[in-house]
Every structure is written in structure tokens, then in C-alpha cells.
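Structure first, commentary second.
The values are calculated or read from the model by the stated rules, or taken from the named source; none is laboratory data. Every value quoted in this text rests on a predicted model; they were computed, and no experiment measured them. Cβ atoms come from the backbone with ideal geometry, glycine included; neighbour counts cover every protein chain shown. Just so you know, the surface numbers come from the protein's heavy atoms only, side chains and all, with ligands and any DNA or RNA stripped out. Shrake-Rupley method; radii C 1.70, N 1.55, O 1.52, S 1.80 Å.
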Amino acid sequence: MSQVAHHWSLTSAAAATEPGSARPAPALTGCALPGRGVGCGRYAGGMAWNRRWTLLCWVTVALLGTWVLTSERRAALRASFDLDARVLHRLLSQRMEQQETVLYALAALPTQGMQPDQLTAYVRALVRPYPQIVAVEFCAEVCRALVATQARPDLPYVPTRRPVVGWPAQRGPTYALTLERMRVWINLERLVQGGDLARLPLTVQIYRPGDHQRLLTRPPEPGGNALVFTVDKQLGTTLEPFPIRFEQRHSAWPWPWRQLLGWWLVTALLAWGAARLLSARAVAAQALLDERRRAQGIVQASTDGIVVLDPQGTVVQVNPAARRILSGLHLGESIRGAAQFQATLAQAPLDAADFWATQEPQPLPEGMALLRGTERVLVEGGLAPLTGDRGQLLGRVLTVREIGPLQQRMLAQLSAGERRVREHEQLLAHVSRFSTLGEMSAGLAHELNQPLTAIVSYGQGGLRLLAQEHPDRERVQQAVQAMVRQAQRASDIITRLRALVRRSPTQRVKVDLGQAARNILTLCQADLGRLGVEVDAQLPADAPVAGDPVQIEQIILNLVRNALDALAQVPQRRLTLRIDPDGAHWVLSVQDSGPGLSGATLTHLFQPFHTDKPDGLGLGLSLSQTLAQGLGGELRGDNAPGGGARFTLSLPHWEHHDPTA
Ligand code: ADP
């Protein structure tokens, strides 16, 4: 048969990625898809990791927030302290300047001509607003107190034309300012008044310039050490620029508890939400991964070749079967170059461009061949698009299957089936042979009788010829040759007889009568089909009888074959098999729609060698009846009321049979 080949390969693309470079799929876990928030195995492990990670993040963020909030609080406290220190510094500087102004004013008093009482009153009025001025002295040879609210330490008077600060030997917050003949005693304790420090929560320390001796600490208790702010300045006066230190001490860290609690709570809630989100995402991702691995596993395990393509027709996944069928197929290669199909005779050629661009599942035409080098491999399969959620094209899947091996397998199975049927038939024939031995004896005696009678008469004729005076040698020879021929014939008959096997004892086992009938219908299926016989088989599944399965099948086969011979003579062909209970027996009836049994046949139905058929032996029914009787049953034949012959085989029910029979 010539072949018209429609060749439709397309341009080939260079191989890109080797198949071996595909990342190996990790092993699957035996975990079912997890429900919401529930995990097992790796899911649980992933979630525990998520929880730890989220906790760590939360602690970090909470600490960071704590640091920011406390830094802000500290900066605010510091700013407030700096402001207070500035305010107090200015206040004290002003007060110092005022006392210096008082000194200048006193030094400039016209003491000449002024009565001492008058001077005292004047000075008292002048210093009254300044509590830090605890005494005013007028010095000539000695110093005389004009005003004194406290005892004055010893300090020698040194006349001076410019203002000086005098420090008594006795250390303390009291010192003197001297100008001309006036000396003003200042007590720093009164400079810093209680009310000032109540309003401004600071500690003030004033030092003596030069030796940096502490003159004053107000208030005396410095407070705690948890948080300390300090600022060092100088009093802003020209005469008394004493170093001054402002300090603020906190015994406990001033935590911004409300903000901190708020921050911790909000971040904890956010972290909890994130952890749940991450866990859910991890579980979903894991489930997706497992699903993908399962799909990959299925593709890999398939014995059909599966090739996954991207929308442009590039190979993105190949299973081992496809690699074998489309040998030399590589990832990243264009399928249109790699798979070369060839249509065979009487096949419309495929339009390759249309085929590879299909939007619908499309099978390969029947009998399509795939070119593998010089080899042509018969394949079947198809191409189907892969679509996404929104109907977008994700790629295509090509499936190919070699049908050559498939056909071979089917043929092998078919021939195995045929072999079994043949063996079955041979077995039945075998049984038939040894079972007919008894029946054959009578026939064989008849058969042998003929050659023996002929031998006797030829022998007697020969003897008579030899008894003559001049025996006719030629006729004697003819008689002896005839004797030899007849003896040969008898010998042949005996040889055939020897070929019959020895009879084995009948076995009684539980036989499913319905199944035995079904086996025979299967055996004769070809003939039934050829003749177009309509079969009506009412065969229950529970008709157990006692007997030899092979013998029972032999009887049924004889009945069905006879029915088929009868049906071959009529146009309407119908065969009915039914099984009915009858007391302690099951009765199988085989009825056909053939011409039925003639009167003569009815009379000699079960007699051996009675046959109507030109090539018949006339042994089937007699053998079958003998077998049935041997099994404790009965075989009967008759014409059915509606026409045709009906044979009934009655066999003992398995539960009622006599095992000793
Ligand atoms: P064979 O089939 O070799 O003739 P059988 O003993 O099986 O020997 O059958 C004897 C005869 O009985 C057949 O020749 C046939 O005339 C007749 N017979 C048997 N079964 C049927 C039947 N179903 N319908 C008509 N005649 C039948």
C-alpha cells in the first residue's frame, strides 16, 4: 500500500535547558490539606517559627518604641530643666546686680554732715527690699554697723576706691562687698529664696571663684540618682561672677507609662495580627506547594507522554514517558520543531499552525505518526489549552501515547485468550473421547465385524481355489490381497480405538450450573454471532449442582451445538437457556427455534450412531445422556410447544446430592 505523507514539521529551535537541570521536587509529606489555623508536620513547624519570629519582632519594636518615648520624655524634662535653670540664673544674676547697685548707691551717699541716725534710717530703707543684704557697715578706722540682721564674721577693712569682694576666714555663705567706706554683707542663703525653688524644682550650688569652694547648696537634699540634669554657668554680674551649678535629680526614671502601655498594646496587637497573617500565608503556600508536587508527581508517573508548553509553544515541563516517545526533547525548546507529526494515507493533513494555536482541546487524528529520526511511530493523543482563573491562556498540554506497543499487548492478550479457549475445547474433546468408550464398543464391534467377515469369506474362497487341481494363482493372490486389506482395515480400527484414552473416575464437586452455561455461550460466541442468533439466557447466579464441571460443560456444549446446527436451517434464529429449580434438582433447558425433532429422531434420540447429519456421528446425545445419568441426573429431549427442539438437563442440587452415589 503506498503512503501519501503530509509532512508538517515547523522550524526547529535550539535546545536551551537540559532536562536534568530541572530542580528536583522535594518529597511529599503525608499531611492532609490543613484547615484554617490548623497544621501538621511542616505546617506546624513553620507556624512555630512564625510565632517566634513575630515575638522577636514585637520585642524589638516595643523596645525601640520604649527607647523613643523615654528619650522624648527625657528631652522634654531636659528642656524644662534648661528653661528653669535659665530663669533662675537670670533671677539670681539680677538680684546680685541689685545688691551691687545698692553698694554703689551707699558708697555715693553724702555722709558729710548727715546725722548717724539719719544715715542709718536711710540705709535701712535702701536695703530693705534685699533680704540677702544682712548688714551694712560704715568704715572709718573701724567698721560700724549701720544695719545688721545677723552676726558678721571677722574681716579686716581695707579702704578701696573700687568695689571688691571680701571673703572672711570663716567659710560660709556670707561675704562682703566693699567700696569706699561702705561695706555690705551678703548672705547667699537669703539670695536664693524658698519660693523660687518651690516654683522651679532645681538644686542650686554657688561656688567661690578661684578655689571653687562651695558656698551654698539649695535645697540641701540633692534627691536621687536615677536621672540627673546639670548645667554650669556663671552669675551674670561684673563684681560677683561666681560659678553656679543648677542640678535636677530624679530618684526614679520618669517612665511615660501611659504612652508605653499604649505602644506595647498596639504593637502587640499588630504583631499578633501579622503572625496570624503570616501563618495563614505559610499554610496556604505550603498547601499550594504540596498540590504542585502532587500534580508534578502525577505527570511524572504517567505512562502517557505529557509535555507542558507555555503560550508560545516552548517546552516548560516534560515527563519521562514524553522524553522517551519524543526522544531528544529538551526544556526551553520549541515543540513545533521537536515534535514532527506525519499524517498517513487517507488522512487529512493537520494545519500545524492551527493545531499548535488551538484554544480548544483537540485530539490528534487517528493513525497519526510521529517521526523519530528515520523511524515512524504510530501515536495518539491531543493538545489542550491550560487556562487561568480569568480564562487567560497559561499554556498548553500535549499528550502522546505510542499505540504500537498497545496494539501488541492487546494482540498478546487476545491470543492468550484464544489459547485458553482452545485448551478448553481440547479438554472437552478429550473427555468426550474417553466418555464415549462404552458407547463406541458397540459401534466398533459392528465396524470390526465387517472386515472379519470379509477376511473369513476371502479365506474360505482362497482355500477353495487352492483345493482345485490347477489352482488359479492370480485369483488366490487377489483373495489373499483382499484379506490383507481387510485385516489392515481392522487394524486401523483398533489403532483408532487405542488412541482413545483411559476413562478416569467421575468427580463430584460443587458446580455453578449458570456459570457452566455462560462458559459455553462464550465458547460458541463466534458461531452465535456468525449465524445472528438471538440469545435469551436466564441463568441465575446461585444454581449449585453436584458434578464434574468438564462433563457438565460437555453436555451443554453438545446441546448448544445441536441447536446451532438446527438453527442454521431456519431464518429466525433464537436460542433460549434457562435454569429452574425442580425439587432436589436444578433443571437447565436449552430450546431453539429450529425445525424441531422429526418423528424418527424422537424414537431413536439417545441411540448411539443415530444421526440425520451427513457428517454426524450420532454419538453426542447418547454420550450426554450417559454423562448426565452418571452424575445422578437426567437428559430429556422433546419438541417445544411453540416449535423447535427443547432439551432439559436435570442435575442434583449441591445441597441435596448423595455423595456416595
Ligand atoms: P449428531 O449431532 O452427530 O448427529 P447427536 O447425537 O448429537 O449426533 O444428535 C442426533 C440427532 O438428533 C441429530 O442428527 C439431529 O437429527 C437430532 N437433533 C439433535 N438435536 C437437535 C435439535 N436441537 N434440533 C433438531 N434435531 C436435533
Contacts under 7 angstrom Cβ, first residue in the stretch 137-153 being farther than 14 Å from residue 176 by Cβ, partner open to solvent by 50 Å² or more (accessible area, probe 1.4 Å) and not in a strand (DSSP E or B), 6 or more apart | 140/181
Which ones in the stretch 445-482 are charged (D, E, K, R) and at pLDDT below 85?
-> 447
In the stretch 612-628, is there at least one residue being near the ligand (Cβ under 8 Å from one of its atoms), open to solvent by 60 Å² or more (accessible area, probe 1.4 Å) and at pLDDT 90 or above?
-> no
What pairs come up if the first residue lies in the stretch 252-278 and is open to solvent by 80 Å² or more (accessible area, probe 1.4 Å), the second is of a type in the set (Phe, Trp, Tyr) and outside any helix (DSSP H, G or I), and their beta carbons are under 7 Å apart, counting only those six or more places apart or on different chains?
-> none
Among (1) in a helix (DSSP H, G or I); (2) exposed (fewer than 13 other Cβ atoms within 10 Å of the Cβ), the one test that residue 69 misses = (2)
Is the stretch 286-295 home to any residue that is surrounded by fewer than 15 Cβ atoms within 10 Å (Cβ to Cβ) and within 29 Å of residue 403 (Cα to Cα)?
-> yes
Would you check if residue 121 is surrounded by 12 or more Cβ atoms within 10 Å (Cβ to Cβ) and aliphatic (A, V, I, L, M)?
-> yes
With the checklist (1) within 16 Å of the ligand (Cβ to nearest atom); (2) over 13 Å from residue 651 (Cβ atoms); (3) surrounded by 15 or more Cβ atoms within 10 Å (Cβ to Cβ) in hand, flag the one item residue 553 doesn't pass.
-> (2)
Of all residues in the stretch 218-251, count the ones that are open to solvent by 50 Å² or more (accessible area, probe 1.4 Å), of a type in the set (S, T, N, Q) and in a loop (DSSP other than H, G, I, E, B).
-> 3
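Being open to solvent by less than 30 Å² (accessible area, probe 1.4 Å), of a type in the set (A, V, I, L, M, F, W, C) and under 50 Å from the mean Cα position of the chain (by Cα) is true for just one of 546, 516. Which residue is that?
Details: 546 fails: under 50 Å from the mean Cα position of the chain (by Cα).
Just a single option satisfies the conditions, and that option is 516.
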Over the stretch 72-93, the set of residues open to solvent by 80 Å² or more (accessible area, probe 1.4 Å) and without any contact (Cβ under 8 Å) to a residue 12 or more places away in the chain is 83, 86
Can you pull out the residues in the stretch 100-137 that are touching a helix residue (DSSP H, G or I) at 6+ places or on another chain (Cβ under 8 Å) and not in a loop (DSSP other than H, G, I, E, B)?
-> 102, 105, 106, 123, 126, 127, 133, 134, 136
Which of the residues that make up the stretch 568-581 are more than 9 Å from the ligand (Cβ to nearest atom), over 60 Å from the mean Cα position of the chain (by Cα) and touching a residue at least 12 places away in the same chain (Cβ under 8 Å)?
-> 568, 570, 572
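Look at the stretch 322-356 and say how many of its residues are of a type in the set (S, T, N, Q) and at pLDDT 80 or above. Quick ask: steps written out before the conclusion?
At the first step, the residues of the stretch 322-356 found to be of a type in the set (S, T, N, Q) are 327, 334, 340, 342, 344, 347.
The next check asks that each one be at pLDDT 80 or above; those that pass are 327, 334.
Going through the stretch 322-356 one residue at a time, the tally reaches 2.
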Which numbered condition trips up residue 201, out of (1) touching a strand residue (DSSP E or B) at 6+ places or on another chain (Cβ under 8 Å); (2) within 21 Å of residue 236 (Cβ to Cβ); (3) open to solvent by 60 Å² or more (accessible area, probe 1.4 Å); (4) assigned to a loop (DSSP other than H, G, I, E, B)?
-> (2)
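Can you tell me which of 560, 587 is under 59 Å from the mean Cα position of the chain (by Cα), within 14 Å of the ligand (Cβ to nearest atom), surrounded by 13 or more Cβ atoms within 10 Å (Cβ to Cβ) and modelled with pLDDT of 90 or more?
Numbers: 587 fails: within 14 Å of the ligand (Cβ to nearest atom).
The unique qualifying residue is 560.
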Starting from the stretch 610-639, keep only residues that are at positive phi, then list their pairs with residues that are away from the ligand (no atom under 12 Å from the Cβ) and open to solvent by less than 50 Å² (accessible area, probe 1.4 Å) whose Cβ atoms are within a distance under 7 Å, requiring at least 6 positions of separation or different chains.
-> 632/652; 632/657
Restricting the stretch 590-611 to residues that are open to solvent by less than 40 Å² (accessible area, probe 1.4 Å) and in contact with a Ser or Thr (Cβ under 8 Å, 6 or more places away or on another chain), which is nearest to the ligand (Cβ to nearest atom)?
-> 592
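Closer than 24 Å to residue 536 by Cα and open to solvent by 50 Å² or more (accessible area, probe 1.4 Å): is that true of residue 641 in this structure?
Details: closer than 24 Å to residue 536 by Cα: yes; open to solvent by 50 Å² or more (accessible area, probe 1.4 Å): yes.
Judged against the criteria, residue 641 is a match.
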Yes/no for residue 150 being open to solvent by less than 70 Å² (accessible area, probe 1.4 Å), closer than 20 Å to residue 193 by Cα and of a type in the set (S, T, N, Q) = yes
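Inspect all residues belonging to the stretch 646-661 and state whether any of them is among the charged types (D, E, K, R), at pLDDT 85 or above and either surrounded by fewer than 20 Cβ atoms within 10 Å (Cβ to Cβ) or within 60 Å of the chain's Cα centre (by Cα) (or both). So that I can check it myself, show each step before the final result.
So in the stretch 646-661, the residues among the charged types (D, E, K, R) come out as 646, 655, 658.
Going one step further and asking which of them are at pLDDT 85 or above, we end up with 646, 655.
Next cut, either surrounded by fewer than 20 Cβ atoms within 10 Å (Cβ to Cβ) or within 60 Å of the chain's Cα centre (by Cα) (or both) only: 655.
Checking the stretch 646-661: at least one residue is among the charged types (D, E, K, R), at pLDDT 85 or above and either surrounded by fewer than 20 Cβ atoms within 10 Å (Cβ to Cβ) or within 60 Å of the chain's Cα centre (by Cα) (or both).
Identify all residues within the stretch 632-648 that are within 13 Å of the ligand (Cβ to nearest atom) and outside any loop (DSSP other than H, G, I, E, B); write none if there are none.
Going through the stretch 632-648, the residues within 13 Å of the ligand (Cβ to nearest atom) turn out to be 635-640, 643-648.
Within the stretch 632-648, 635, 636, 637, 638, 639, 645, 646, 647, 648 qualify.
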Is there any pair linking a residue in the stretch 206-217 that is open to solvent by 50 Å² or more (accessible area, probe 1.4 Å) to one that is modelled with pLDDT of 85 or more, with Cβ under 7 Å and at least six apart or on different chains, and which?
-> 209/241; 209/242; 209/243; 212/243; 214/205; 214/207
